[in-house]
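Each remark here refers to the structure printed beneath this line.
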Amino acid sequence: MQKAAGKRNRQIHKAAFNKGGKRKLNQSPKYAFGFQLFGRVQMPDGRKGFIFGRRSRGSFDVRTLDGAKLSAGISCKKLNLLSRRTAILTEKEDMRLPPHA
């Protein structure tokens, strides 16, 4: 299964500047605890998925490409980074046939 990774969909800076002309960023940082959005990770039980949501406190929403949730908020300490995001996310599905009856 393949899916195109989304690109940034926010303005770079907020529309209204702060006093003194300082521009405030409107985007969250690219990396949170070394993990990036749509990075491929392995969970402690061996399941593999992609990061679909990052939180600044260090927990992540991990899902498969078809949208099945593996974890709504797992700590970054429990995840193992397998690969960084690419433009096209690829997930190999198990193509086993059911046993012959």
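Given the condition in contact with an Asp or Glu (Cβ under 9 Å, 6 or more places away or on another chain), surrounded by 15 or more Cβ atoms within 10 Å (Cβ to Cβ) and not small (Gly, Ala, Ser), answer yes or no: does some residue in the stretch 78-85 qualify?
no
I'm told LYS77 meets every condition in (1) within 14 Å of ALA5 (Cα to Cα); (2) modelled with pLDDT of 90 or more; (3) basic (Lys, Arg) except one. Can you identify the failing condition by its number?
Evaluating LYS77 over (1) within 14 Å of ALA5 (Cα to Cα); (2) modelled with pLDDT of 90 or more; (3) basic (Lys, Arg) leaves (1) as the failure.
If a residue has to be within 28 Å of THR90 (Cβ to Cβ) and over 12 Å from the mean Cα position of the chain (by Cα) to count, how many in the stretch 15-41 make the cut?
Here the count works out to 4.
So, of the residues in the stretch 3-44 that are small (Gly, Ala, Ser) and in contact with a strand residue (DSSP E or B) (Cβ under 9 Å, 6 or more places away or on another chain), which turns out to be nearest to ARG55 (Cα to Cα)?
Here the answer is ALA32.
The values are calculated or read from the model by the stated rules, or taken from the named source; none is laboratory data. As the structure is a computational prediction, the values presented were derived from the model and not from experiment. A quick note on method: Cβ atoms are made from the backbone with ideal geometry, for glycine too, and the neighbour counts reach across all protein chains shown.
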